[in-house]
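Okay, so here's the structure we're looking at.
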Amino acid sequence: MSAYTQENRNYLFLRVIRYVWNIALEQRNLRRRERSQKITYNTQAHELSEARKESWLKEGSAAVQQQALRDLNQAFQNWWNRPDHFGRPTWRKAGINEGFAVRDLSVRRINRKWGQVFVPKCGWVKFRVTREWSDIETASSARVTLDRSGRWFVSFTRLAPQIERKSTGFVIGIDMGIAITVATSNGEFLDMPELLTKGEHQRKRRLQRRLARQVKGSNRYKATKLAIAKLAAKEVDRRKDWIEWTTTDLVRDYDLISLEDLKITNMTKSAKGTKDKPGKNVKAKSGLNRSILEQGWGLFCQRLTDKATNAVTPVEIIAINPAYTSLHCSECGYTDKKNRDSQALFHCLSCGYTDNADVNAAKNIIAAGLVVQERGGQSHIVSTKTQHSDPAKRTTTPKAA
Ligand SMILES: [Zn+2]
């Protein structure tokens, strides 16, 4: 969910956050250079509250400043845990991945087009309503961000709704494919619809051609860029809508859902694939496509897990190790990379079983999930770490340039 806002006061806000982030980062770096003891988040948080008593920092919101420290801490954690994925935290510069979180959200509606969100120590900030008001009203927190073109966004985080459901006794395995398409062990495909209409696609191409001709930095250039950004936001919103519908349906209909553990799948590394587990689609899993894919699946798993936990009759989510799921024959268990006739088709060289490759994988995924459950339910919450490129989380995971 995003909304557009323009408030100069927010610039001051961001300056303070940047200041806290950079000072805290320098403190950590200094300790490192001097090889003295690492400074912890708690120490820094304490020092900040001391500093607030004496300095101009007290003018700003304590919650927002402490959040900056937490963001920095998270950025370091990410870097330590997954150096292949996250860069070392760097200095914040104005206008790059800036933002702050607003908890204890209060929003009010001015009219059909505009709403307001209360930002502590800043007051009511106006924003353009681009989502269902009921979604905004029920959001649990918001993040205010500034992008490189100087536009403000408020993105709201929704709590998982409590889904009314009765136990169905049904279980399902799902294979998360390329281009955000789900294949199920029932042989169904839950496809995401086209995100843009034909007309919107044409408009996007036209705008991109126009942008290439325009003088960089000119007003016309900026206007074209804004129009492209609006179309991109539309795509993001529609993708999110699809994720909401699909995860709600799955949670309502099944008592157990088995899927691949994204943390192990690590789509970055498996792009080219290995000898044992060839990449499913190298092109789609590289570059921009890959990050969109990761983002989409990260959100998908997160919403699915949240809704499953929150449902009236909870649903069990089991994340399994995805190794070989695409090469096993779901009928006879024979495993051979030659079983994959093509990208789309599975053909077992031993028993002759033929199926859609992703459906065969989904059948293996539910089988593995049921084994895990029988062993005593080593199920665990699906990792959503691959979400590193989610815009709402940008500020917590800055990448070294
Ligand atoms: Zn077979």
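The peptide list 299-305, 338-344, put in order of mean Cβ contacts within 10 Å with the highest first, becomes 299-305, 338-344. Local charge for ARG31 was computed over the other residues whose Cβ lies under 13 Å away, with Lys and Arg +1 and Asp and Glu -1, and equals +2. Over 32 Å between Cα atoms, which of LYS204/LYS337; LYS198/LYS222; LYS53/LYS93 qualify? Violating the 32 Å Cα-Cα cut-off are LYS204/LYS337. Per-residue Karplus couplings for segment 67-84, computed as 6.51 cos²θ - 1.76 cosθ + 1.60 with θ equal to phi - 60°, are listed in order as 4, 4, 5, 5, 4, 5, 4, 4, 4, 5, 4, 4, 5, 5, 6, 9, x, 6 Hz, Gly and Pro entered as x. Applying the Karplus relation 6.51 cos²θ - 1.76 cosθ + 1.60 with θ = phi - 60° to segment 192-208 yields 3J(HN,Hα) values of 7, x, 3, 7, 10, 6, 4, x, 5, 4, 4, 4, 4, 5, 4, 5, 5 Hz, where x marks Gly and Pro. Once amide H atoms are built 1.01 Å from N in the peptide plane, which residues 5 or more positions from LEU195, or in another chain, come under 5 Å H to H? Sorted by chain and number, the residues that satisfy this come to none at all.
Our coupling estimate for segment 303-314, obtained by passing each phi through the Karplus curve with A = 6.51, B = -1.76, C = 1.60 and θ = phi - 60°, is 5, 4, 5, 4, 5, 4, 5, 8, 5, 4, 10, x Hz, Gly and Pro reported as x.
A short reminder: the numbers here are calculations on the coordinates, not readings from a lab. Here the structure is a predicted model, which means the values were calculated and not measured. Virtual Cβ from ideal backbone geometry, glycine too; neighbours counted across all protein chains shown.
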